[in-house]
1. Criterion first (free of Cβ contacts under 8 Å to residues at least 24 places away in the same chain, surrounded by 18 or more Cβ atoms within 10 Å (Cβ to Cβ) and either within 12 Å of the chain's Cα centre (by Cα) or not in a loop (DSSP other than H, G, I, E, B) (or both)) does residue 141 satisfy it?
2. Tell me, yes or no, whether region 84-97 has at least one residue that is touching a residue at least 12 places away in the same chain (Cβ under 8 Å), buried (at least 17 other Cβ atoms within 10 Å of the Cβ), under 15 Å from the mean Cα position of the chain (by Cα) and assigned to a strand (DSSP E or B).
3. Which one of these does residue 116 not meet: (1) farther than 19 Å from residue 57 by Cα; (2) among the hydroxyl-bearing types (Ser, Thr, Tyr); (3) in contact with a Lys or Arg (Cβ under 9 Å, 6 or more places away or on another chain)?
4. Can you name every residue in region 45-74 that is of a type outside the set (S, T, N, Q), buried (at least 20 other Cβ atoms within 10 Å of the Cβ) and either modelled with pLDDT of 95 or more or assigned to a strand (DSSP E or B) (or both)?
5. Restricting to region 23-34, name every residue that is closer than 14 Å to residue 79 by Cβ and either among the small types (Gly, Ala, Ser) or surrounded by fewer than 16 Cβ atoms within 10 Å (Cβ to Cβ) (or both).
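The values are calculated or read from the model by the stated rules, or taken from the named source; none is laboratory data. Please read all numbers here as calculations on a predicted model, not as lab measurements. Reconstructed Cβ throughout: ideal geometry from the backbone, glycine too, with neighbour counts over all protein chains shown.
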Amino acid sequence: MENTDTLHPIPEQLAFTEKIKKPFSLFLFFVFKIPTLFWWGVRLEKINCFEATVILPFSKRTQNPFKSIYFAAQSGAAELASGLLATMATEGMGSISTLVTEVSGTYIKKANQPVYFTCLQGEDIRKIVSDSVRNKMPCSIQTKVVGTFKDGTVVSSHLITWSFKSR
């Protein structure tokens with residue numbers, strides 16, 4: 001039996017995921033929209049309509065005085081992981097106001113090597129945006145982004161609430 005709860009991405013959303021994978025497109029996205037992430041050296045590891053992973057390097061630009069990655073850099077990379085999915089979800093849906101309304105983070109382990117931030121809620125975000133457009137009502141979703149070392153060790157966990165409103 002087919003799952004009828006699945007929301008299939010529209011062509012504009014698929015096109016966004018393919019475009020943002022290109023290094024020059026990502027470079028322009030960072031420079032014009034989020035220059036801090038460019039400065040920190042954040043890289044895109046993976047994006048599709050269901051999940052996104054970005055890598056925050058351990059470098060002089062991301063380091064705090066305690067020889068670990070600064071919490072604000074971790075929070076920014078976590079926001080990007082869910083934010084790319086939020087941006088993708090609004091593609092082709094008309095004019096939509098997108099806003100982060102709440103952020104919280106839990107820091108579990110000293111981040112002294114590159115951290116991979118992953119959000120697995122692309123489909124959930126697309127459903128919320130679709131509902132917002134269809135019902136002409138603001139909607140929000142709390143996304144979870146987990147930061148890990150390459151070996152899977154959890155470094156931090158972030159909850160980022162996104163609000164969407166059709167204009």
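1. yes
2. No.
3. That leaves (1) as the condition not met.
4. Applying the first criterion (of a type outside the set (S, T, N, Q)) to region 45-74 yields 45-47, 49-52, 54-58, 60-61, 65-67, 69-73.
Then keep just the ones that are buried (at least 20 other Cβ atoms within 10 Å of the Cβ); that gives 47, 49, 52, 54, 56, 69, 73.
Those that are of a type outside the set (S, T, N, Q), buried (at least 20 other Cβ atoms within 10 Å of the Cβ) and either modelled with pLDDT of 95 or more or assigned to a strand (DSSP E or B) (or both): 47, 52, 54, 56, 69, 73.
5. Taking region 23-34 first, the residues closer than 14 Å to residue 79 by Cβ are 29-30, 33-34.
Across region 23-34, the qualifying residue is only 33.
Residues are listed down the side, and each one gets a yes or a no for (1) over 25 Å from residue 157 (Cβ atoms); (2) free of Cβ contacts under 8 Å to residues at least 24 places away in the same chain; (3) in contact with a helix residue (DSSP H, G or I) (Cβ under 9 Å, 6 or more places away or on another chain):
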position: 13; (1), (2), (3): yes, no, yes
position: 16; (1), (2), (3): yes, no, yes
position: 23; (1), (2), (3): yes, yes, no
position: 27; (1), (2), (3): yes, yes, yes
position: 32; (1), (2), (3): yes, yes, no
position: 42; (1), (2), (3): no, no, yes
position: 82; (1), (2), (3): no, no, yes
